[in-house]
Amino acid sequence: MPTSDPTPLVSIIMAVKDTEPYLPDCLDSILNQTFTDWELIAVNDHSTDRTPEILADYAARDARIRVFHSRQQRLIPALQEGYRHVRGSLLNRMDSDDKMPADKLATMVELWNQHGRGTVVAGGTEHFVDEGEVGGGFRRYEAWLNELARTQTHYQEIYQECVIPSHSWMLHKADMDGVGAFDPVVYPEDYDLCFRFYRAGLKVIGLDKVLHYWRDRSDRISRTWEEYRDNRYFDLKLHYFYQLDRDVNRPLVLWGAGRNGKDMAKLLLQKETDLVWCCDNERKIGRDVYGVQMVSWEIIPQVENPQIMIVVSSPEGKVEIREQLISWGKQPVKDFWFFN
């Protein structure tokens, strides 16, 4: 039976860098939690503004706030530093420009205790800005994440995008240790962590409730760091696909002939000698692309026991493709996956 913890200490790990304008609101939202048995491990990552002073002031006011300084620059070393100081049995991560609803920790702890060890609790999220409007892409991503939490289909959709935001999970420290915590220096670190949850067989329990307010701003690192510039993350996805889901004894079908499909084909052809590449674009069917003849999607029922990788960008197209594959008896686990 899973082991729960009726009186856990929750360790919140937060890397902090130059978030002076937002940090007080973030810290106040943590102090306002209805669940009070928490510690905040705030790690200053070489800030150049008043961030260290703000952290010191709050730590002086509340002993649950513990402040450390990263020995190396960048996000993952700061998270690694924070993890070294964890005292709690349950873990959550926070971003220093975001905010928590007052019942975030209480809600997550209650749900985690219903399931115990071996479980990751994943909540919903909502973007906000101080001025203007949240970008449409972030709203679509937010809606998709919340739908995953509602339907608990995180692993089925894991090759599309990061399925659990970095701030919206809770799990036991022993389980975090078991997946390697923040040790791998792999960006995006939150997406890599989701794949490691998947590899370890941790059960994700989605919660259909907004448990985090996610700030959208022009200088967030997902917009400014080189590691996030190509946000398709095909290399990361293929690394885990071949490790966890690819059955090399089955033929692989690639569906999609747009830019993303072509870029994926280049990578696949380094691993596959008999790739079946299909699309529904009449102008491309029959053409030779990278030494592979493009075929019609209608050939799929003739391929014996295939695994199918769908790389298309149209949301409507994805719906139609999913319906078509299911009508052919294909299932979304071990038979087909969507890659954005």
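The requirement of being out of contact with any Ser or Thr (no Cβ under 6 Å at 6 or more places or on another chain), at pLDDT 95 or above, in the same structural domain as Leu145 (by TED's automatic domain parsing) and within 27 Å of Pro101 (Cα to Cα) is satisfied by Asp192. Among residues that are touching a Gly at 6+ places or on another chain (Cβ under 6 Å), surrounded by 19 or more Cβ atoms within 10 Å (Cβ to Cβ) and not assigned by TED's automatic domain parsing to the domain that holds Phe197, Val311 is included. Do we find a residue being among the acidic types (Asp, Glu) and either touching a residue at least 60 places away in the same chain (Cβ under 8 Å) or assigned by TED's automatic domain parsing to the domain that holds Met264 (or both) anywhere in the stretch 164-182? No: zero hits. All of Val333, Val292, Val303 fail the test of being buried (at least 16 other Cβ atoms within 10 Å of the Cβ) and closer than 25 Å to Leu236 by Cβ, apart from Val292.
Do we have any residue at all in the stretch 176-187 that's in contact with a Lys or Arg (Cβ under 6 Å, 6 or more places away or on another chain), at pLDDT 95 or above and among the hydrophobic types (A, V, I, L, M, F, W, C)? Yes.
Here's the yes/no breakdown for (1) of a type outside the set (Val, Ile, Thr); (2) at negative phi:
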residue: Arg74; (1), (2): yes, no
residue: Tyr83; (1), (2): yes, yes
residue: Lys99; (1), (2): yes, yes
residue: Asp103; (1), (2): yes, yes
residue: Val129; (1), (2): no, yes
residue: Glu133; (1), (2): yes, yes
residue: Gly136; (1), (2): yes, yes
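Quick grid of which residues meet (1) touching a residue at least 12 places away in the same chain (Cβ under 8 Å); (2) within 22 Å of Asp183 (Cβ to Cβ); (3) among the aromatic types (Phe, Trp, Tyr):
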position: Ile12; (1), (2), (3): yes, yes, no
position: Thr19; (1), (2), (3): yes, no, no
position: Gln33; (1), (2), (3): yes, no, no
position: Thr48; (1), (2), (3): yes, no, no
position: Asp57; (1), (2), (3): no, no, no
position: Asp62; (1), (2), (3): yes, no, no
position: Glu81; (1), (2), (3): yes, yes, no
position: Asp97; (1), (2), (3): yes, no, no
position: Glu110; (1), (2), (3): no, no, no
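In the set (1) within 24 Å of Tyr198 (Cα to Cα); (2) out of contact with any helix residue (DSSP H, G or I) (no Cβ under 8 Å at 6 or more places or on another chain); (3) surrounded by 15 or more Cβ atoms within 10 Å (Cβ to Cβ); (4) not hydroxyl-bearing (Ser, Thr, Tyr), the condition left unmet by Leu268 is number (2).
Does the stretch 168-175 include one or more residues that are touching a Pro at 6+ places or on another chain (Cβ under 9 Å) and within 26 Å of Arg74 (Cα to Cα)? Scanning the stretch 168-175 turns up at least one residue that is touching a Pro at 6+ places or on another chain (Cβ under 9 Å) and within 26 Å of Arg74 (Cα to Cα).
Quick check on the stretch 145-174: of everything there that is of a type in the set (A, V, I, L, M, F, W, C) and assigned to a strand (DSSP E or B), which residue is nearest to Glu126 (Cα to Cα)?
In this case the residue turns out to be Trp169.
The values are calculated or read from the model by the stated rules, or taken from the named source; none is laboratory data. Bear in mind that the values here come from a model prediction, so they are computed numbers and not experimental data. A quick note on method: Cβ atoms are made from the backbone with ideal geometry, for glycine too, and the neighbour counts reach across all protein chains shown.
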